[in-house]
Structures are given as C-alpha cells and as structure tokens.
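The values are calculated or read from the model by the stated rules, or taken from the named source; none is laboratory data. Keep in mind it's a predicted model, so treat the numbers as computed, not measured. Don't worry about glycine lacking a Cβ; one is built from the backbone with ideal geometry, like all the others, and counts go over all protein chains shown. To get the accessible areas, we keep the full protein, side chains included, count just its heavy atoms, and leave off ligands, DNA and RNA. Shrake-Rupley method; radii C 1.70, N 1.55, O 1.52, S 1.80 Å.
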Amino acid sequence: MTVSARLAELGIELPAVAAPVAAYVPAVVHDGLVYTSGQLPFTAGALPATGKLGAEVTAEDAKGYARTCALNALAAAADAAGGVDRIAGVLRVGGFVASVPEFSGQPGVINGASEVLGEIFGDAGRHARAAVGVPVLPLDSPVEVEVTFILA
C-alpha cells in the first residue's frame, strides 16, 4: 500500500508545509534520507498552545501536539522528496518537550509522534528516538519534533 493510500485510509490529510521561523529550510534530502528541521505543532499557521509541561500544558494535550509535529514533519519531507509516496519509512525521531524541572513524562508526550508514524508506516515506522526535556522552545511551543525519513 502506498503512503498516500494509507493516509487516506486513516483519514489523515497532511498540512501545508509550515514556513520556517528562522534561517533554515523545512527539510533536506541527502543520500537516501530526508532530514526535517524541528517542527512545531502549527495548525492553520498558529500554535494551539504555549507554555510548559507541568505548568500550563497537560501531558495529554502535548501528546496530541507531538502527533501534529510528526505530521508537519512528514509534510515537509514529502515536499522536499517530491511526494509522500517517495517516503519509505522512519529512521529516527527527536522530540523536545518544554517542561518544568519536576516533569519527567517526556517519553509519553513524544509517543504522540511515534504512534502516528507507526500507524502510517507500519513496521517501516519503527525508529530510534530521543525524548528530551528542555526549559523553553521557539515561540514558547510546548513540543518540537524532528524526523529522519528513509526514501523509497
């Protein structure tokens, strides 16, 4: 099954590629891989929330934002690669969670990204990963996710 067919089956429509907020490009193709820049959970050009986990943002909400970040990453990768069906799988996910020092649920938050990639790619969506707590992210976003995809 193609990636585009799987997305349709899941009822997922990829968003437009988010414009960079600084001096970088959304994704780069190199040597059979697509590296995405860190993606924020932009929806229709805006962040759904700002703040930190353990203070203004709940883990449940942030898990949904991580899912959105992963879909934004897939959209950026597809744009750079020449279409979503050129993406064959996922190599690595890097997740960053803005959180108070006492919050230790970063892996559960980044599961939002890992799970949606697994739904889309099946076994080819299994990946290495990091889930890191940080004091602040760009634009005060609660979550940021970068993904390295494998080209078909």
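What the table below lists for this structure:
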read-out	value
Members of the range 47-59 found to be of a type outside the set (S, T, N, Q), closer than 12 Å to Ser141 by Cα and open to solvent by 50 Å² or more (accessible area, probe 1.4 Å), listed by number	Pro48, Lys52, Glu56
Number of the condition not met by Ala77 [criteria: (1) in contact with a Phe, Trp or Tyr (Cβ under 7 Å, 6 or more places away or on another chain); (2) over 18 Å from Val17 (Cα atoms); (3) hydrophobic (A, V, I, L, M, F, W, C); (4) open to solvent by less than 10 Å² (accessible area, probe 1.4 Å)]	(2)
Residue within the range 7-29 that is at pLDDT 95 or above and under 22 Å from Ser104 (Cβ atoms) present	no
Which listed residue, of Leu91, Leu74, is touching a strand residue (DSSP E or B) at 6+ places or on another chain (Cβ under 8 Å), in contact (Cβ under 8 Å) with a residue 12 or more places away in the chain and more than 16 Å from Leu14 (Cα to Cα)	Leu91
Residues of the range 1-37 classified as touching a strand residue (DSSP E or B) at 6+ places or on another chain (Cβ under 6 Å), open to solvent by 50 Å² or more (accessible area, probe 1.4 Å) and over 15 Å from Ala70 (Cα atoms), total	1
Residue list for the range 109-147, restricted to those being farther than 12 Å from Leu53 by Cβ, open to solvent by less than 40 Å² (accessible area, probe 1.4 Å), touching a residue at least 60 places away in the same chain (Cβ under 8 Å) and not in a helix (DSSP H, G or I)	Glu144, Val145, Val147
Residue in the range 43-51 that is out of contact with any Cys (no Cβ under 8 Å at 6 or more places or on another chain), in a loop (DSSP other than H, G, I, E, B), closer than 26 Å to Ala128 by Cα and of a type outside the set (Val, Ile, Thr) present	no
Test: residue in the range 71-93 that is under 10 Å from the mean Cα position of the chain (by Cα) and among the polar types (S, T, N, Q)	yes
Selected residue [farther than 21 Å from Leu14 by Cα and of a type outside the set (A, V, I, L, M, F, W, C)] from Thr148, Thr50, Thr68	Thr50
Among residues of the range 95-130, those that are among the aliphatic types (A, V, I, L, M) and either more than 29 Å from Thr2 (Cα to Cα) or out of contact with any helix residue (DSSP H, G or I) (no Cβ under 7 Å at 6 or more places or on another chain) (or both), counted	6
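Conditions (1) assigned to a loop (DSSP other than H, G, I, E, B); (2) more than 16 Å from Val132 (Cα to Cα), marked per residue:
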residue	(1), (2)
Tyr24	yes, yes
Ala55	yes, yes
Asp61	no, yes
Cys69	no, no
Ala77	no, yes
Leu91	no, yes
